[in-house]
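Participant: What follows is a single structure, and I will ask about it in a moment.
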Amino acid sequence: MTNPETRIGKRFAALKAERRAGLVTFVTAGDPDMETSREILFGLPGAGADLIELGMPFSDPMADGPSIQASSLRALKNGMTLKKTLDLVAEFRNADNDTPVVLMGYYNPIYILGVDAFAAEAQAAGVDGLIIVDLPPEEVDELWKPARDAGIDFIFLTAPTSDDARLPVIVKRASGFIYYVSITGITGTRSADIADVETALKRIRKHTGLPIAVGFGIKTPEQVAEIASVADAAVVGSALVDVIAANLDPDGKPEKGVAEKLLALVADLAAGIGGAGEKVA
Amino acid sequence: MTKLNTYRAGPDEAGHFGIYGGRFVAETLMPLILEVEKAYTEAKDDPAFWDEFHSQMKHYVGRPSPLYFARRLTEHFGGAKVYFKRDELNHTGAHKINNTIGQILLARRMGKTRVIAETGAGQHGVATATVCALFDIPCVVYMGETDIERQSPNVFRMKLLGADIVPVSAGTGTLKDAMNEALRDWVANVDDTFYIIGTVAGPHPYPAMVRDFQAVIGNEVREQLHEAEGRKPDSLVACIGGGSNAMGLFHPFLDDKDVRIIGVEAAGHGIETGEHCASLTAGKPGVLHGNRTYLLQTDDGQILDGHSISAGLDYPGIGPEHSWLFDNGRVEYVSVTDKEALDAFQLCTKMEGIIPALEPAHALAHVAKIAGDLPKDHLMVMNMCGRGDKDVFAVARILGIELSQ
Ligand SMILES: Cc1ncc(COP(=O)(O)O)c(C=O)c1O
């Protein structure tokens, strides 16, 4: 079960009370630039995002498809860093003390900052959870321990390849929620078959009582609604950052209204699961 | 540093060499990595696996490769007695095939029906495409666009061998980017695909496995030099991209404390320019491509694109075991610029009638720097790990000579 004291725990409890699944939105911090990214981030809860996954840009996002690769590179090109990502979360936290923020990314920038410094700064900024793609249970302890001590949830990825022998190893250290990667593949490519997802979730639920968010390949309000019928939350990422990619001028600068367009898509996605976004007053 | 009893015991069970190595991969790949590890552990203890490996080494690859006394260069340098380990005479022209034979045998053992690989210089791509042709397994090679341009002869060879070449435009279109793309392919094709990694890097068990296959180089050197000189070498020199030819030469000698061991990284335009691939000389530890190791990176932990005249050395990381051997001081690591390597390339061609690949030309450039100051009875073995046919167009371009391709 989730900890009822944390933002993530509270949010899943509230969703349960509302008898609906949540919408988790992924955008990259600093994409395409700091100003637009701030506008997007601050607008997400109002548009209907129940939880926010914020990508920490990395030069070599190995598990990501072209959309999120491009998103990461846009942010880096415009000077985004891990420190600035944490600053952005802190700013957001001042304005919104309820919406959970989960940082998602790769280990190297954290390792270079230092795991203890990172955990302390993330806690101070109001980060609720971490998804670190290239830290499987075998390697995770060096960051998992400082994160746990700082009260930050570690959200583990499970995949179609995670069998019954593997799942106990993963859920042992998991808190907050479990992320089910619905396909064997990278972000923004194929979409999973809903029957397969349902079977997989049944299997994972035998190993954990944590809520399960499903991601990879979910792009449309219909897909969100379909996933919402079997999961506790649906994650959409590539489809959102594609809105940014489609609204850049030839110099790569954002055209006017990018944030509005992205947030309009979030509202559409949320509408399909009854998350109209009124919860943030 | 505390003195170790042995430098040859690593990695530990989790694939760590000290703090380096490990298995930093997405969860989707983790069960597969464990499966490769299990299969390799079993194969390693199976004499039949090694019988087949050595039979292929002998009859297909053409091993043992000669250990050749480079008489004219030795006289030219005026000091140490310089030997070349002639791995450029292997089938396909480099040491890379020692490893691809080993891995394809493992892939077959595991019942995999599709092979992927990354390549920089194209030598590993060619060696992979070759063994895939030999064993009739479909092969996809990821190669950066920059490398496709500067190593065009190898691109054509791979195509002739039946491989599909996928150009990678991300980053600077070099080896690091090709490796990212190969890993993405693997995540999407976990059931049928075996990833043949081309150097002693990547998640455990690759660094140890590739080393074990390449160790045939050092093991032969020990025997051959004993035959020629009745004793061990005094020093070993090899170039380092990811570090597989070097590890293959070095590893059997790591516990011979009186053997001086030197790895040569690519200094590109010069370390001070920032345009180089000298991960140990100028990088710091980080995590990329499944392992912790020295990496060229920014203060924010973003990976930098390296630069080297040699596509095979153009990688911002290095195998984790080298990082460990660097920290504990067992192996010396130095670097050599593009210009120095190019001079050595020409010198070797003119004086020995051997056109070296630009990669071992780096090793030779360092030999040129130190051999003259060493006594005449000093036995130095340099790994001539590849031939330069693939580089002649690129070298001609740099020397300002027009060739019609
Ligand atoms: C001839 C040759 N030498 C060396 C290398 C570098 O690899 P490694 O350091 O793994 O031996 C390459 C890589 O393509 C190569 O083709």
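Participant: Binning at 5 Å from 0, report for the range B:248-405 what percent of all alpha-carbon pair distances ends up in each bin.
Facilitator: Distribution as computed: 2, 9, 17, 19, 20, 15, 10, 5, 2, 0, 0 percent.
Participant: Which percent, to the nearest 5, of DSSP beta bridges fully inside the protein assembly as shown are antiparallel?
Facilitator: 20
Participant: Which percent, nearest 5, of DSSP beta bridges in the range A:7-271 are antiparallel?
Facilitator: Here the antiparallel bridges make up roughly 5 percent for the range A:7-271.
Participant: Given the convex hull of the Cα atoms of the protein assembly as shown, what is a quarter of its surface area in nm²?
Facilitator: That works out to 29.8 nm².
Participant: I'd like the mean, over residues of A:183-192, of how many other protein chain beta carbons sit within 10 Å of each residue's own Cβ.
Facilitator: So the per-residue partner count for this stretch is 3.
Participant: Sticking with this one: Explain nothing, just compute: Karplus ³J(HN,Hα) = 6.51 cos²θ - 1.76 cosθ + 1.60, θ = phi - 60°, for every residue of the range B:108-119 in order, whole Hz, x for Gly and Pro.
Facilitator: Once θ is set to phi - 60°, the couplings for the range B:108-119 become 5, 4, 7, x, 6, 10, 8, 10, 10, 8, 10, 8 Hz.
Participant: With the solvent-accessible surface defined on protein heavy atoms using a 1.4 Å probe, which residues belonging to the range B:299-334 display a reduction of at least 50 Å² in accessible area in the multichain context relative to the isolated chain?
Facilitator: Those are B:300, B:302, which lose 50 Å² or more relative to the chain on its own.
Participant: What Kirkwood radius, in Å to one decimal, follows from the Cα pairs of the range B:40-198?
Facilitator: 16.7
Participant: Rounded to the nearest 100 Å², what is the sum over both chains of accessible area buried where B meets A, with a probe of 1.4 Å?
Facilitator: Buried surface at the B/A interface: approximately 2800 Å².
Participant: Wrap a convex hull around the Cα atoms of the range B:319-405, take a quarter of its surface area, and give that in square nanometres.
Facilitator: 7.4
Participant: With all protein chains present, calculate the accessible area of residue A:144 using a 1.4 Å probe and round the result to the nearest 10 Å².
Facilitator: 50
Participant: Tell me, what % of the accessible area of the range B:68-173 is carbon and sulfur with a 1.4 angstrom probe?
Facilitator: Summing carbon and sulfur atoms, their accessible area is 51 percent of the total for the range B:68-173.
Participant: Less than 24 Å apart at the alpha-carbon level, and either on another chain or at least 8 residues along: which lysines does that give for residue A:172?
Facilitator: A:10, A:16, A:145, A:202, A:206, B:38
Participant: Kindly provide the pair-distance distribution of the range B:244-335 built from C-alpha pairs, with 10 Å bins from 0 and whole-percent values in order of increasing distance.
Facilitator: Answer for the range B:244-335: a P(r) of 17, 49, 28, 5, 0 percent.
Participant: Can you tally the net charge around residue B:291? Count Lys and Arg as +1, Asp and Glu as -1, for every other residue whose Cβ sits under 11 Å from the Cβ of residue B:291.
Facilitator: Here the count lands on -1.
Participant: Å³ per residue of the Cα convex hull, for the range A:7-271?
Facilitator: Convex hull volume per residue, Cα atoms: 111 Å³.
Participant: Here's another thing I want to ask about it. Per the helix-only calculation at 222 nm, which mean residue ellipticity applies to chain B, given -39500 (n - 2.57) for every DSSP H run of n ≥ 4 and division by its residues, nearest 500 deg cm²/dmol?
Facilitator: Taking each H run of at least 4 residues, the total per residue is -12000 deg cm²/dmol.
Participant: Now a separate question. Dividing the alpha-carbon radius of gyration of the range B:7-48 by 2.2 N^0.38 Å (N being the number of residues), what value is obtained?
Facilitator: Ratio of Rg to 2.2 N^0.38 Å for the range B:7-48: 1.32.
Participant: Solvent-accessible area per residue for the range A:114-161 at a 1.4 Å probe radius, Å²?
Facilitator: Counting only protein heavy atoms, the per-residue value for the range A:114-161 is 29 Å².
Participant: Across the range A:68-195, what fraction of all alpha-carbon pairs, as a whole percent, falls in each successive 10 Å bin from zero upward?
Facilitator: The calculated distribution, bin by bin, is 11, 40, 35, 13, 1.
Participant: Same structure, new question: With labels modelled as points extended 7 Å from the Cα through the Cβ direction, what inter-label distance (nm, one decimal) is found for residue A:42 paired with residue B:258?
Facilitator: 7.4
Participant: Hey, another quick one. I need the Kirkwood Rh of the range B:125-232: take the reciprocal of the average 1/r across all distinct C-alpha pairs and report it in angstrom.
Facilitator: 15.7
Participant: While we're here: Give the accessible surface of chain B per residue, rounded to a whole number of Å², with probe radius 1.4 Å and ligands, DNA and RNA excluded.
Facilitator: Heavy-atom SASA per residue in chain B reads 34 Å².
Participant: Here is a further query. Would you rank B:157, A:173 by solvent-accessible area, highest first, keeping every protein chain in place and using a 1.4 Å probe?
Facilitator: Of B:157, A:173, the descending order of accessible area is B:157, A:173.
Participant: Excluding the sites themselves, what is the longest stretch of chain B that contains no GluC sites (Glu not before Pro) in a DSSP loop with at most 12 other C-beta atoms within 10 Å?
Facilitator: The answer is B:14-401.
Participant: Also: So what's the range B:1-115 giving for Rg/Rh, alpha carbon basis, Kirkwood Rh from the mean inverse pair distance?
Facilitator: 1.08
Participant: Right, next: Give the separation of the Cα centroids, the range A:166-185 to the range A:10-78, in Å.
Facilitator: The range A:166-185 and the range A:10-78 have Cα centres separated by 20 Å.
Participant: Report, in deg cm²/dmol and to the nearest 500, the calculated mean residue ellipticity at 222 nm for chain A, where each DSSP H run with n ≥ 4 adds -39500 (n - 2.57) and the sum is divided by the residue count.
Facilitator: Here the helix-only value at 222 nm equals -14000 deg cm²/dmol.
Participant: Let me ask something else about it. When the chain is fully extended, how far beyond the present Cα-Cα distance does residue B:227 get from residue B:272, taking 0.36 nm per residue of separation?
Facilitator: Between residue B:227 and residue B:272, full extension yields 11.9 nm more.
Participant: Mind grabbing the accessible area of residue A:191 for me, 1.4 Å probe, Å², rounded to tens?
Facilitator: Counting only protein heavy atoms, the figure is 60 Å².
Participant: Sticking with this structure for a sec: Search the structure for amide H atoms under 5 Å from the amide H of residue B:330, placed 1.01 Å from N in the peptide plane, and list their residues when 5 or more places away or on another chain.
Facilitator: Amide H neighbours of residue B:330, under 5 Å, 5+ apart: none.
Participant: Percent of alpha carbon pairs in the range B:168-291 separated by more than 21 Å?
Facilitator: 51
Participant: If you plug each phi of the range A:189-196 into the Karplus form 6.51 cos²θ - 1.76 cosθ + 1.60 with θ = phi - 60°, what whole-Hz ³J(HN,Hα) values come out, in order, with x for Gly and Pro?
Facilitator: 10, 6, 10, 7, 7, 4, 5, 5
Participant: Based on the Cβ-Cβ distance from residue A:205 to residue B:169, what FRET efficiency comes out when R0 is 41 Å, to the nearest 0.05?
Facilitator: 0.45
Participant: So what are the three principal axis dimensions of the range A:1-111 from its Cα atoms, in whole Å, longest to shortest?
Facilitator: Principal extents (largest minus smallest coordinate, Cα): 42, 27, 25 Å.
Participant: Moving on to the next point. Using Cα-Cα distances under 8 Å and only pairs 6 or more residues apart, what relative contact order does the range A:7-271 have, in percent?
Facilitator: 23
Participant: Okay, moving on. If you look at just the Cα atoms of chain B, how large are its Rg and its Dmax in Å?
Facilitator: 19.4, 57
Participant: Separate question: Any idea how far apart residue B:152 and residue A:249 come out in nm if each label point goes 7 Å out from Cα toward Cβ?
Facilitator: Going by the 7 Å Cα→Cβ label model, 3.9 nm.
The values are calculated or read from the model by the stated rules, or taken from the named source; none is laboratory data. This is a predicted model, so every value here is computed, not measured. Note: ideal-geometry Cβ built from the backbone for every residue, glycine included; neighbour counts use all protein chains shown. In case anyone asks, the SASA skips ligands and DNA or RNA and just uses the protein heavy atoms, side chains included. Shrake-Rupley method; radii C 1.70, N 1.55, O 1.52, S 1.80 Å.
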